[in-house]
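Working notes, structure below.
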Amino acid sequence: MNILITSGGTSEKIDQVRSITNHSTGQLGKIISERFLETGFSVTLVTTPTAVQPKEHPRLRKILIKNVAELQTVLEKETPTHHVLIHAMAVSDYSPVYMSGFQAVKEASNLEQFLHQSNKESKISSEEDYQVLFLKKNPKLISLVKTWNPDIRLIGFKLLVDVAQDQLLSVARASLEKNQAEMIVANDLSEIQDGKHRAYLVTKDATQIAETKLDIAQKIYHHIINKG
C-alpha cells in the first residue's frame, strides 16, 4: 500500500522578498509519516522546505513544494498512483494578486484594473505609509482529489479557532461528505498547545478523540490498516 502525505504550510509570494504563509510546522505530518514507515509502508511526503521532516528512509520519497499551484501540480500527478492520501498540509486559502499604495487605490476609477495586473518590482517600495494587498481565492484541492483518483482513501483535516465542539464536528461532517473523505481530523487551534493536541477523528460511523500528535498518528494508522 502506497501512502501519500502532505505536511507543513504553503507560502504565497507577494514579491521577491515577501510572502504570506501560516504557522504550520509540519510536525504532525512528520509523526504520521514515521508511523507508517516504521511498519513497512512506502510513503511519499509532499512538504515544504521550512517544515519539520522525518529522517531519510529507504521507503520515504520527499517532494518539496512552496505554494498552492505547485501543490496542485504534484497532487494531480501523484494521487492516481497512491492508495491513501493523508492531507495534513495547511493550504493557503488566498494568493496575492497585486499590492499597491493606498492613495493609488483610493484614486482608481475602477478597482478591477488592479486585479488584472501584477507587481513588476522585485521588491515593492516601502515608502508608502499604507499598502493595499489584493488576494484571490485558491482552489480547494481536497475537493479535487476524487477527480484525480476516485478510489483513493482520503483523510482530510479541518482547523477552526475557538469554536464550540458541536460546530467543529458539524463542519467536519460536512467536509467528510462534500469531499468524499473517509475521515476528517477536526482541530481547534485553542486546543493545540503545550505539547497537547486534541483532535476529533470523524468518520461516517463514529468520532474518536485524540489528545496528542502521536495519538492522532496512531489512530489514523489503525483506521487505515483495520478498514483496508
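The values are calculated or read from the model by the stated rules, or taken from the named source; none is laboratory data. This one's a predicted model, so the numbers in the text were calculated from it and none came from an experiment. With ideal geometry, Cβ positions are generated from the backbone for all residues, glycine too; neighbour counts draw on all protein chains shown. Accessible surface is based on the protein model in full, side chains and every heavy atom, while ligands, DNA and RNA are left aside. Shrake-Rupley method; radii C 1.70, N 1.55, O 1.52, S 1.80 Å.
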Log entry, pairs with first residue in the stretch 5-26 being assigned to a strand (DSSP E or B), second being of a type in the set (K, R) and modelled with pLDDT under 95, beta carbons closer than 8 Å, six or more apart or on different chains, reads S19/K13
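Only one of V145, V161 is open to solvent by 30 Å² or more (accessible area, probe 1.4 Å) and at pLDDT 95 or above. Can you tell me which?
One residue alone meets the criteria, V161.
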Among the candidates Q131, Q167, Q180, single out the residue that is touching a Lys or Arg at 6+ places or on another chain (Cβ under 7 Å) and surrounded by fewer than 17 Cβ atoms within 10 Å (Cβ to Cβ). Q180
When both residues are 6+ apart or on different chains and their Cβ atoms are under 7 Å apart, which pairs have a first residue that lies in the stretch 159-178 and is more than 12 Å from L201 (Cα to Cα), and a second that is loosely packed, with under 12 Cβ neighbours inside 10 Å? V161/S190; D162/S190
Condition first: over 26 Å from V68 (Cβ atoms) and not aromatic (F, W, Y). Can you find one or more residues in the stretch 180-187 that meet it? no
Kindly list the number of the only condition in (1) in contact (Cβ under 8 Å) with a residue 60 or more places away in the chain; (2) more than 18 Å from H87 (Cβ to Cβ); (3) not charged (D, E, K, R) that fails for L141. (2)
Take the residues in the stretch 75-96 that are in contact with a strand residue (DSSP E or B) (Cβ under 6 Å, 6 or more places away or on another chain) and surrounded by fewer than 17 Cβ atoms within 10 Å (Cβ to Cβ); name whichever of them is modelled with the highest pLDDT. H83
Assuming R35 fulfils every condition listed in (1) out of contact with any strand residue (DSSP E or B) (no Cβ under 9 Å at 6 or more places or on another chain); (2) open to solvent by 50 Å² or more (accessible area, probe 1.4 Å); (3) not β-branched (V, I, T) apart from one, which condition is it? (2)
Can you tell me which residue among I220, I216, I224 is crowded, with 18+ Cβ neighbours inside 10 Å, in contact with a His (Cβ under 8 Å, 6 or more places away or on another chain), among the β-branched types (V, I, T) and at pLDDT 95 or above? I216
Does S109 satisfy the criteria of being touching a Pro at 6+ places or on another chain (Cβ under 9 Å), open to solvent by 10 Å² or more (accessible area, probe 1.4 Å) and at pLDDT below 95? no
Mind listing whichever residues of the stretch 187-206 are in contact (Cβ under 8 Å) with a residue 12 or more places away in the chain and open to solvent by 60 Å² or more (accessible area, probe 1.4 Å)? L189, G195, K196, R198, K204
